[in-house]
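Since the structure comes first, as structure tokens, the remarks are kept for the end.
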Amino acid sequence: VVTFGEIMLRLSPPGSKRFLQTNYYEAIYGGGEANVAVSLANFGLHSLFVSKLPKNDIGQGAVNSLRKYGVDVSHILRGGERIGIYFLENGASQRPSKVIYDRAHSAISEVESYEFDWEKIFEDVEWFHWTGITPALSESTRKALETACIVAKSKNVKISCDLNYRKKMWMPDEAQQVMIPLMEYVDVCIANEEDPEKSLGLIPKGTFVKKAELSTEGYSQLAEELKNKFGFEVVAITLRESYSASRNGWGALLMDGKDCKQPCFSHKYDIQIIDRVGGGDSFAAGLIYGLLNYNNNKKALEFAVAASCLKHSIPGDFNLVSVEEVNKLAEGDGSGRVER
């Protein structure tokens, strides 16, 4: 599996401190496609992350953070002036988490498509994954992504996209102008409860996300509309009911015209959140793993939701769980009892 995007330096006040309180920041690395790459490597797949990072110690730290978990970093370019940074203030109870970006002119945002040897990158590859964050970075990154999609398609590589709309990166009009044409390359569309509206202009009926009111009927219709309009093989939508920053309802639906001709809904988890960043990425990775390894896509959905449920209990961007741990939860053992 190949993923393409930006890995960033994440700086956070310790615990639940606010930016205005802290005297120091804890530093780790993470980013949408990088998070997926780490999850898939933990699940035992050959996971290759493509990006560009500055040739300095901070860039090397990002490379090392991926290599530590078994990600293939052989196609990460080195150069450019800087790594992107994001500051994360962890929320609690009714206080939401807050993100501040400092990513302008990062190495990956100024990359040119010709710098990547996509023909070589996609040799013997089964799957290519990207998110809506990557084309939001810059015009040159969009062109690199489109070239990657064209080459992947020519080699019959399955392509998945997590729409991943970020309002601090672009407005809905711009996102739709870029994202809608890119959907012609996508086989598996992954979204959260808000992404289809912002990225593709499709609105679910009977839903009030800020009140944690999600209509199963509305999202069923939305999945069908996405599949019919864009010709996706699979549509998967995560359904997060945000009761507070510390507690969420978590589930998903999948529609594929095969095992789930009508949308299948997963088991719903009531989760107490340690760190929700990377929750969607862990779902995407779980779904990719499930679609590659299980004959039944409903089982793939349950694996993905269980994987992302576990991610919410782990500090940091990366989902550091095994296939065995995910299957244990997916099969109904969510007691959290000590294992001795």
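The values are calculated or read from the model by the stated rules, or taken from the named source; none is laboratory data. Just so it is clear, the structure is predicted and the values come from calculations on it, not from any experiment. Note: ideal-geometry Cβ built from the backbone for every residue, glycine included; neighbour counts use all protein chains shown. Surface areas here come from the heavy atoms of the whole protein model, side chains and all, with no ligands, DNA or RNA. Shrake-Rupley method; radii C 1.70, N 1.55, O 1.52, S 1.80 Å.
Annotations
- Residues of region 98-114 classified as open to solvent by 20 Å² or more (accessible area, probe 1.4 Å), in contact with a helix residue (DSSP H, G or I) (Cβ under 8 Å, 6 or more places away or on another chain) and not in a loop (DSSP other than H, G, I, E, B), total: 2
- Within region 155-193, being in a strand (DSSP E or B) and farther than 13 Å from residue 233 by Cβ holds for 162, 191.
- Total residues in region 18-35, condition farther than 25 Å from residue 116 by Cβ and in contact (Cβ under 8 Å) with a residue 40 or more places away in the chain: 4
- Residues of region 220-231 classified as of a type in the set (A, V, I, L, M, F, W, C), buried (at least 18 other Cβ atoms within 10 Å of the Cβ) and more than 23 Å from residue 307 (Cα to Cα), total: 2
- One residue from 95, 78, 82 being of a type in the set (Lys, Arg), over 16 Å from residue 134 (Cβ atoms), open to solvent by 50 Å² or more (accessible area, probe 1.4 Å) and out of contact with any helix residue (DSSP H, G or I) (no Cβ under 9 Å at 6 or more places or on another chain): 95
- Matching option when the condition is of a type in the set (A, V, I, L, M) and free of Cβ contacts under 8 Å to residues at least 24 places away in the same chain, among 38, 50, 63: 63
- Some residue of region 42-63 being part of a loop (DSSP other than H, G, I, E, B), open to solvent by less than 20 Å² (accessible area, probe 1.4 Å) and polar (S, T, N, Q): yes
- Members of region 125-141 that are open to solvent by 10 Å² or more (accessible area, probe 1.4 Å) and either at pLDDT below 95 or touching an Asp or Glu at 6+ places or on another chain (Cβ under 8 Å) (or both): 133, 137, 138, 140
- Listed conditions (1) touching a residue at least 12 places away in the same chain (Cβ under 8 Å); (2) open to solvent by 40 Å² or more (accessible area, probe 1.4 Å) are all met by residue 177, apart from (1).
- Enumeration of residues in region 108-124 that are modelled with pLDDT under 95, of a type outside the set (D, E, K, R) and in contact with a Lys or Arg (Cβ under 9 Å, 6 or more places away or on another chain): 113
- Among the residues of region 237-266, the one identified as within 20 Å of the chain's Cα centre (by Cα), open to solvent by 40 Å² or more (accessible area, probe 1.4 Å) and under 16 Å from residue 300 (Cα atoms) is 265.
- Filter result (among the charged types (D, E, K, R), more than 26 Å from residue 92 (Cβ to Cβ) and out of contact with any helix residue (DSSP H, G or I) (no Cβ under 6 Å at 6 or more places or on another chain)) within region 241-298: 258, 261, 298
- All strands (runs of 3 or more DSSP E) inside region 229-340 with 3 or more residues being without any contact (Cβ under 8 Å) to a residue 40 or more places away in the chain: 247-255
- Exactly one residue out of 234, 305 is buried (at least 21 other Cβ atoms within 10 Å of the Cβ) and farther than 30 Å from residue 92 by Cβ: that is 234.
- Looking at 292, 320, 310, just one residue is modelled with pLDDT of 95 or more, within 13 Å of residue 30 (Cα to Cα) and open to solvent by 30 Å² or more (accessible area, probe 1.4 Å), and that residue is 320.
- Yes/no for residue 121 being on the phi < 0 side of the Ramachandran plot and open to solvent by 20 Å² or more (accessible area, probe 1.4 Å): no
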